[in-house]
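The structure under discussion appears below in the form of structure tokens.
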Amino acid sequence: MQAPPYAVAVTGLGLISAAGVGVAESWSAVTRRTRPTGVRRPEVLAGLPTDFMYLVDDDPAQALDVAERRLTERFAQLAVLAAREAVADAGLDPADPTQWDGQRVAVLIGNANGALPLYDAQHATLLERGHRRVSPMLPALFNSNCAAAAVCRDLGARGPSMAVTSTCASGADAIGLARQLLRAGMCDIAIAGGAESACSRMLMAGLCKTRALSTHRQDPAAACRPFDAGRDGFVVGEGAGLLVLERPEHARARGARVRARLVGYGSSNDAYAPVAAHPDGLGAEQALRGALAEAGVTGADIGHVNAHGTATVMNDQVEAAMLRRVLGEQALVTSTKAMTGHTLGAAGGIESVFTVLALEHQLVPPTANLDSLDPDIPVDVVAKEARPARFDHAVKTSLGFGGHNAALVFARA
């Protein structure tokens, strides 16, 4: 008899994105709005073929004290805020030693680019003012591990801590690896997901050269169009999405509210090209089939997929064909990137939060900006308005530059 899947308890959610600050505001935006409101034209991108991106409104980091803001860069600040919300949502108090043993709390945060805006600014300082004016904090603040380290300091988490870097699959991989740590007994609680803030002229110039970005400058809010026949590329976004995961016995012992269960994780690499996905989707299929096998379910059991859905022409087609091949035709597919932008290393974390909420509410968010479905997309993509449905399992897929693929299977609590 096959052993039941190891069902990690999802007990807390934290989210900050261009769709909204906090889980409730972001969920309301992706389920009720038909058009994004967070697309901006930052001055640093002026003159580029794509001079717009999705940005978090105002400055949520004002919730941090001056010292915390000085010792962290924006992507780490977003991670700290999302972690605070997730921990509070889980009903945990890091100041209470009866429920928080810092040595048994792990932090894994996916990130693709580190503090690139800081690097840009310091490089300009080096060229214009000389090496003596470069900040001594640059080596500490630039690294991808800055977000995980900042969350650990903020919450007093002293267990395993790491930055997971697999480009746009980073956030999903961080969640999957957290499940493995919990399963191995290396921690009781894990805070996992992704954080990114890459408003960098250098990065955006490079992405423009790859022709991966949309160039619909006349209407930036309509530029990101996953699965639409008129799509021409993605739009970069910023944000952080984190989950509190617990060993099932730990959550049970403290009477925690369980929002969903993480029952499967798969990861792979296409071993094909630096940027393009394998045209047959073989790596993504391997990751998804691995996640389904761990979860002990078949493709027919999956009712919903929060797809990677970047709005690049080939990747959307490759992913959709793979989903149809593995899952069949019953799964309701959506991409929430039209509301948040493509948040790169944070995408898997942010979109896992939406996947858990879809399971919890039995409601699939629509794919914003989808006016005319590409006839080569062979799956049921939810458009125009959220669709109520009954399903017990949902999947989050993530595909990244370098051929990185990750898939997560969540089950209803």
Selection from PRO388, GLY230, VAL244, by position along the positive dipole direction of the chain (Cβ) = VAL244
Which one of VAL10, ASN111, ASN315 has its Cα pushed farthest toward the positive end of the charge dipole of the chain, where Lys and Arg give +1 and Asp and Glu give -1 at the Cβ?
-> ASN111
May I ask you to order 312-323, 90-101, 335-346, 401-412 by the average number of other C-beta atoms within 10 Å around their residues, highest value first?
-> 335-346, 401-412, 312-323, 90-101
Please identify, among ARG217, ARG158, ARG133, the residue showing maximal mean-square fluctuation in a Gaussian network model of the chain using a 10 angstrom Cα cutoff.
-> ARG133
Report, ordered by chain and residue number, the lysines lying within cross-link reach of LYS396, taken as a straight Cα distance under 19 Å and ignoring same-chain residues fewer than 8 apart.
-> LYS337
Computed log₁₀ I(q)/I(0) - Debye formula, equal Cα scatterers, no solvent, the range 136-260, q 0.11 Å⁻¹ = -0.55
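Order the peptides 4-12, 102-110, 325-333 from the highest to the lowest mean number of other Cβ atoms within 10 Å of their residues. Show your work: numbers first, answer last.
Numbers: 4-12: 22.0, 102-110: 25.6, 325-333: 18.2.
Listed from highest to lowest mean packing, they are 102-110, 4-12, 325-333.
Mean shadow of the range 268-308, computed from the convex hull of its alpha carbons, in nm²?
On the way: hull surface 13.5 nm².
Averaging across all directions leaves 3.4 nm² for the Cα convex hull.
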Share of alpha-carbon pairs per 10 Å distance bin for the range 326-413, given as whole % | 15, 50, 33, 2
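Placing unit charges on C-beta atoms (Lys and Arg positive, Asp and Glu negative, everything else neutral), compute the dipole magnitude of the range 89-226 about its Cα centre in debye, rounded to 20.
Details: 13 positive and 11 negative charges, 141 e Å.
Once rounded to the nearest 20, the dipole reads 680 debye.
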For ARG40, enumerate residues with amide H under 5 Å from its amide H, sequence gap 5+ or separate chain, H modeled in the peptide plane.
-> MET53, TYR54, LEU55
The alpha-carbon pair-distance distribution computed for the range 8-412, with 10 angstrom bins and whole-percent values, is 5, 26, 35, 24, 8, 1, 0
3J(HN,Hα) from dihedral phi, the range 175-191, Karplus parametrisation 6.51/-1.76/1.60, rounded to Hz, x for glycine, proline | 5, x, 5, 4, 4, 5, 5, 5, 5, 7, x, 7, 7, 9, 10, 9, 9
Given Cβ charges of +1 for Lys and Arg and -1 for Asp and Glu, the option among SER372, GLY38, GLY194 whose Cα lies farthest towards the positive end of the dipole of the chain is GLY194
Calculated from DSSP H runs of 4 or more alone, at -39500 (n - 2.57) each and per residue, what is the 222 nm mean residue ellipticity of the chain, nearest 500?
-> -10000 deg cm²/dmol
Packing rank of 258-265, 68-75, where each peptide gets the mean count of other beta carbons within 10 Å, highest leading | 258-265, 68-75
Would you list SER28, SER200 from fewest to most Cβ contacts within 10 Å?
-> SER28, SER200
Rounding to the nearest 20 debye, state how big the charge dipole of the chain is about its Cα centre with +1 on each Lys and Arg Cβ and -1 on each Asp and Glu Cβ.
-> 360 debye
Normalising by the residue count of the range 65-188, find the relative contact order in percent from Cα pairs under 8 Å and 6+ residues apart.
-> 36 percent
Charge tally for neighbours of PRO4 with beta carbon under 13 Å away, counting Lys, Arg as +1 and Asp, Glu as -1, is +1
Contact order normalised by residue count of the range 188-297, Cα under 8 Å, 6+ apart, percent = 25 percent
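Since every read-out is calculated from the coordinates, none of them should be taken as a lab result. For clarity, every value in this text was computed on a predicted model and none was experimentally measured. Cβ atoms come from the backbone with ideal geometry, glycine included; neighbour counts cover every protein chain shown.
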